[in-house]
There are 4 protein chains.
Amino acid sequence: MPDTPPPPTPDAPPTELDYSNLRALFINCTLTRSPKPSHTALLQGAVANLMRSHGVHVDEIRAIDHRIATGMSPDMTEEGWGEDAWPAIFEQVQAADILVLGTPLWLGEKTSVCTRVVERLYSSSGAYNDRGQFFPYGKVAGWIVTGNEDGVKHASMNLAFSMSHLGYTVPPNPDSGWIGEIGPGKSFGDDDGEGGKVGYDNGFTLRNVNLMTWNLLHMAAILKQRGGIPTFGTGMQQWNELDERWGTPPLADLVPEQPQVD
Amino acid sequence: MPDTPPPPTPDAPPTELDYSNLRALFINCTLTRSPKPSHTALLQGAVANLMRSHGVHVDEIRAIDHRIATGMSPDMTEEGWGEDAWPAIFEQVQAADILVLGTPLWLGEKTSVCTRVVERLYSSSGAYNDRGQFFPYGKVAGWIVTGNEDGVKHASMNLAFSMSHLGYTVPPNPDSGWIGEIGPGKSFGDDDGEGGKVGYDNGFTLRNVNLMTWNLLHMAAILKQRGGIPTFGTGMQQWNELDERWGTPPLADLVPEQPQVD
Amino acid sequence: MPDTPPPPTPDAPPTELDYSNLRALFINCTLTRSPKPSHTALLQGAVANLMRSHGVHVDEIRAIDHRIATGMSPDMTEEGWGEDAWPAIFEQVQAADILVLGTPLWLGEKTSVCTRVVERLYSSSGAYNDRGQFFPYGKVAGWIVTGNEDGVKHASMNLAFSMSHLGYTVPPNPDSGWIGEIGPGKSFGDDDGEGGKVGYDNGFTLRNVNLMTWNLLHMAAILKQRGGIPTFGTGMQQWNELDERWGTPPLADLVPEQPQVD
Amino acid sequence: MPDTPPPPTPDAPPTELDYSNLRALFINCTLTRSPKPSHTALLQGAVANLMRSHGVHVDEIRAIDHRIATGMSPDMTEEGWGEDAWPAIFEQVQAADILVLGTPLWLGEKTSVCTRVVERLYSSSGAYNDRGQFFPYGKVAGWIVTGNEDGVKHASMNLAFSMSHLGYTVPPNPDSGWIGEIGPGKSFGDDDGEGGKVGYDNGFTLRNVNLMTWNLLHMAAILKQRGGIPTFGTGMQQWNELDERWGTPPLADLVPEQPQVD
């Protein structure tokens, strides 16, 4: 493969795909409330701005600025909480074709705010789309992770699983991040002491900003154009409420024969 | 939503999608060599058989039966190993539209064999497809996890990340698994002592066998039919060798303005 | 080994160790506020009660009942939050020889409340004990994880790391948990429909309740009796403020000679 | 605390603890066979040499150089494997007071070799020490993680859990590591292009080399001097074979009263 010259590339996105009718929602899960600055907001903003430059409608939320209740019901005011910003945010989630979560790292882990947002997505997972599938079917998800030293992949593991488990499609390379050398140090976007900003010249981060943007856009456009993922075999409302099985037999009829395991 | 009756469902997969030209490769990463039985082989076989019943060509490999070398080169015989089964397996990987890894759990973790397979996929990640993208672009991935007590989601987190990072598309609900109550106990497919087999009547496992099968098939068929993921913004061979940037500006021009973070 | 008869065992804890002067703090990180019941409270209570039966002073907190602010300062009222219950809770943390975190599982992950408690422990990690070590030196930590289906070990991995990284000693088998067979189902302590309670007859959970209790008690008593962990090589206040190095040379003088890695 | 001057520190390790009779075993889980160099060997060697300088007997093994079989029996030659280096290595494990695993990172994960070593430790976990406890009781464990960009904490989470679950005591700060800025780049000990070696001047890594060494030595010496962890409540051979319960009642008698959880 290394000896093969690269194929020619198009100089514009495919015309049969429409990116301008896509909506993306970015939820920054920093621990820091506005108007204080956030390192994660900088990297998240880069991806958001690249999407905007291609006509995508992008909304950005900083979760900690909203009084999102804690718990496993779609609306925690029904469980005794005085207020809950989640139902309104969830409307934005449902309106978006693309969901991107952004999180800093503390002790190598995504933030408690990010965990709460994932919990609330899960608390709303009883919602079906209009085809009877879990609500994120036909939508795509990505994430952005920043820190000063370690944990981008660990946080990504959790988010890749959680998003696909909820029903989002996870395209290739759906994430970007920045961390520095191990130990305390500067974070993405800090002054580097030499007139520049930390991380802004990192070619790997730029590459992934580009990759995640286009993978999210292509996949969202492909799915949107074709009307989502086929219902056959995937409509869990039909599975749960109508006992629809699409011909899938019981496990006993599917598993192969083999000797008893010791 | 609970009050809305489910929408009617089709009684056949969409005719515009062709499933019969798909190829799937299942790699069972059990620690146990053939011909000894494998619990993971049973659940994996259920998904494989369901795919076969819809005309998909399915190959199943038990990795431990092959002398897959350890290391980070595509062919470790070039690094002094006497033999290496990986290059031949990698040809199967490249021929498949769908890759499914199966793994048991030990100490709540995927097996060393599964980790080795992921390492070797990574060792081959310098390969591009014929559009200049990472080799898994346009392909989809899923996984199967079995154990007697805990760890399905932990193993899934790692595999969801690794597969999407390599370049696979991860559709919604691309996995299935079985574990029993905490503590030592029987595994999937063991005699249950009452004339049945452990796990075969677990409705959640059956649901996920169905879901993972159809999500993998639908997504693979969608991507195959349209010729994969558009190259614009995603051709890393072009990025690396031709400095193609598709108009993506430097990070300094993408990040938003905000006050310096303290 | 299997052929060796077990050695005789003492019928009482070692008299040279004093357990009655130990203090333990349990922080239940359920998402559910009092007075609603909590499955985690049941298993946590079992360990707490076993400790109490041996004379240990035990306090139990349900974190969600307290207004613990979000952020990385020891007292977030100094960062603009109207209130912050953490500083008072941290006093209890510092008074305790044993810290046990309890968490349910959602999507296979510890709760957002648990993540927040870990963040706040980390936010207080600038505190030294009276020997100049990180504040948890000489203290021990354990955890309890409950859910209906999967994730005990995943949550344990994170907590084992976080606690030891903060400075707690993690004794052998410092945890217990309960989960049921994969899929939606009953949780620990639910009526089992047959006149009993789910999980109460699980021998593995009982074994681990016993093991974690005694490992925590033995290790806390050993460390307390000897006055903690020696300061030599471990006093980070001295390292940071006095440049004390205890004779440890630079890395360049410690690493072995070997050829340059390719 | 910041205002308190650091306490005076001893200029020698405590004389009541004997470090010179300790044995440590380091298992380097690099993917690279000897005599090729290993980045992990460099950092591991730094800790090993620091221990040696204090009179500790240290053995270092590179696991990939030994034909360690794959599987869950203590000796896989009894399961049809032609050879298995594990039983001999396990003798060294049992002879050591301190076990340190070293692993590189690939895709943010410990290596397959490291996973195999953990599996084999687990395969030997039926062994009791001479007090009837799991074999690692009274021993301590640490780890070293190196990579070029991300994953030290993720690998640490798994190893902290696995070691404590097996029965090792995990002291505070039992690990050290090095990674660089996100993206492909140099690894620990590579020529830095400016006459030095990458990572050798990282103060955080040096601090942790020092911390892990002394925490492992102190804890091993404390436990060795007192003859390990008391058997009361922790002798699982007695629990399993003699039904010894040390007065621990059934769970139903330990859990607190609370209303039924909804």
**Request:** Could you work out the per residue convex hull volume over the alpha carbons of segment C:66-121, in cubic angstrom?
**Result:** 84 Å³
**Request:** Based solely on C-alpha atoms, express the radius of gyration and the Dmax of segment C:1-75 in angstrom.
**Result:** 18.5, 57
**Asked** If we restrict to alpha carbons, what Rg and Dmax does segment A:67-199 come to, in Å?
**Response** 16.9, 56
**Message:** Going 7 Å from Cα along the Cα-Cβ axis for the label, what nanometre distances separate B:Gly82 from the same residue across the other copies?
**Reply:** 0.6, 7.4, 7.4
**Message:** With a cut-off of 8 Å between alpha carbons and a minimum separation of six or more residues, what is the relative contact order of chain D in percent?
**Reply:** 19 percent
**Position A:His54, label points 7 Å along Cα→Cβ, spacing to each other copy in nm (shortest first, one decimal)** = 2.9, 5.5, 6.1
**Item:** Residue with peak Gaussian network fluctuation, chain A [Cα springs, cutoff 10 Å], from A:Thr70, A:Thr213, A:Thr169
**Value:** A:Thr70
**Request:** Could you grab the Rg to Rh ratio for segment A:212-262? Cα atoms only, Kirkwood for Rh.
**Result:** 1.24
**Fill in**
Any GluC sites (Glu not before Pro) in segment B:58-130 that lie in a DSSP loop and have at most 14 other Cβ atoms within 10 Å would be B:Glu83
**Fill in**
Per the rotation taking chain C to chain B, min distance Cβ-to-axis on chain C (residue, whole Å) equals C:His154, 2
**Message:** Suppose only helical runs count, i.e. DSSP H with n ≥ 4. What mean residue ellipticity at 222 nm does that imply for chain B under -39500 (n - 2.57) per run, divided by all residues and rounded to the nearest 500 deg cm²/dmol?
**Reply:** -10000 deg cm²/dmol
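Rounded to two decimal places and with Rh computed the Kirkwood way over Cα pairs, what is Rg over Rh for segment B:150-217?
1.05
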**Copy-to-copy label separations for B:Arg245, where each label sits 7 Å from Cα toward Cβ, in nm and ascending** = 4.3, 5.8, 7.2
**Asked** Based on the alpha carbon coordinates of segment A:124-170, what radius of gyration and maximum Cα-Cα distance (Dmax) apply, in Å?
**Response** 13.1, 43
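Rounded to whole Å and sorted largest first, what semi-axes of the equivalent ellipsoid does the C-alpha gyration tensor of segment B:133-262 yield via the square root of 5 times each eigenvalue?
42, 21, 11
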**Prompt:** What share of the DSSP beta bridges in the protein assembly as shown is antiparallel, in percent to the nearest 5?
**Reply:** 15 percent
**Message:** Whole-Hz ³J(HN,Hα) for each residue in segment D:96-108, computed from phi via Karplus 6.51 cos²θ - 1.76 cosθ + 1.60 with θ = phi - 60°, x for glycine and proline: what do you get?
**Reply:** 8, 7, 10, 10, 10, 9, x, 9, x, 10, 9, 6, x
**Request:** Work out the length of the dipole vector of segment D:23-230 about its Cα centre, built from +1 on the beta-carbon of each Lys and Arg and -1 on the beta-carbon of each Asp and Glu, and round it to the nearest 20 debye.
**Result:** 560 debye
**Request:** Scale the Cα Rg of the protein assembly as shown by the rule-of-thumb value 2.2 N^0.38 Å and send over the ratio, two decimals.
**Result:** 0.89
**Item:** For B:Asp75, C:Asp253, order by how many other beta-carbon atoms lie within 10 Å, fewest first
**Value:** C:Asp253, B:Asp75
**Asked** What is the antiparallel percent of DSSP beta bridges lying wholly in segment D:23-230, to the nearest 5?
**Response** 10 percent
**Message:** Less than 23 Å apart at the alpha-carbon level, and either on another chain or at least 8 residues along: which lysines does that give for A:Lys110?
**Reply:** A:Lys36, A:Lys139, A:Lys153, A:Lys186, B:Lys110, B:Lys153, C:Lys110, C:Lys153, D:Lys110, D:Lys153
**Item:** Gaussian network model of chain B, Cα within-10 Å springs - most flexible of B:Ala88, B:Ala48, B:Ala12
**Value:** B:Ala12
**Prompt:** If you take the alpha carbon radius of gyration of chain A and divide it by 2.2 N^0.38 Å, what ratio comes out, to two decimals?
**Reply:** 1.13
**Message:** I need the P(r) histogram for segment A:1-134: all alpha carbon pairs, bin width 5 Å from 0 out to the longest distance, whole percents.
**Reply:** 2, 9, 15, 17, 17, 14, 9, 7, 5, 2, 1, 1, 0, 0
**Message:** Just to check I understand the Karplus step: with θ = phi - 60° and J = 6.51 cos²θ - 1.76 cosθ + 1.60, what whole-Hz values come out for segment A:126-136, glycine and proline as x?
**Reply:** x, 6, 9, 7, 6, 9, x, 8, 3, 4, x
**Prompt:** Relative to the first principal axis of the alpha-carbon coordinates of chain A, what is the inclination of helix A:39-52, with its axis defined by its Cα atoms, in degrees from 0 to 90 and to the nearest 10?
**Reply:** 70 degrees
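The numbers here are math on the coordinates, done by the rules we state, and not lab data. As the structure is a prediction and not an experimental result, all values here were calculated from the model. Note: ideal-geometry Cβ built from the backbone for every residue, glycine included; neighbour counts use all protein chains shown.
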